[in-house]
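Computed from the coordinates by the stated procedures, all read-outs in this text should not be read as laboratory data. Keep in mind the model is a prediction, meaning the values are calculated, not measured. As a convention, Cβ positions derive from the backbone with ideal geometry for all residues, glycine included, and neighbour counts pool all protein chains shown.
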Amino acid sequence: MGDGDDYTGKSLPGTAEDSGRFGLPAITKTVQNAWQINVNKWFGLRAPTQDEAKQLRLLRSKYLGLAYLIVDTCPANPDRTRAIRQLKQSMQTANSSIVCSDTWEDLPGPKGD
């Protein structure tokens, strides 16, 4: 990657200075700043609140039970492996929905999935 391709703390693709280079429409500074703030929240490290920690523990226990059920009832094959991997991904997404729920409210642009 060339100079300016590292977006950690810098402009995002689609900003005025990058619009020609990437062929994307320029985005406003407000949208760019909101995305940078949320990217920091999504990928930064922070301790969950007490309520969030309680919800995360509950989810983890339910996912663990389902993982054991899958391992105990499904034959060892690629489909079982895929089921466990997708369960893990589902748990990570569910955890993110708890810990990052505040980031969706202030983000300009499309919401949800």
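Hey, can you tell me all the residues within region 36-62 that are over 15 Å from the mean Cα position of the chain (by Cα) and either surrounded by 12 or more Cβ atoms within 10 Å (Cβ to Cβ) or within 17 Å of M91 (Cβ to Cβ) (or both)? It would help to see each step written out before you state the result.
Narrowing region 36-62 to residues over 15 Å from the mean Cα position of the chain (by Cα): 47-62.
Across region 36-62, the qualifying residues are P48, E52, A53, K54, Q55, L56, R57, L58, L59, R60, S61, K62.
Just to be sure I understand, how many residues within region 44-98 are aromatic (F, W, Y) and in contact with a Leu (Cβ under 7 Å, 6 or more places away or on another chain)? Before the answer, list the steps.
Quick first cut of region 44-98, residues aromatic (F, W, Y) only: 63, 68.
In the following step, the residues that additionally are in contact with a Leu (Cβ under 7 Å, 6 or more places away or on another chain) were identified as 63.
Count: 1.
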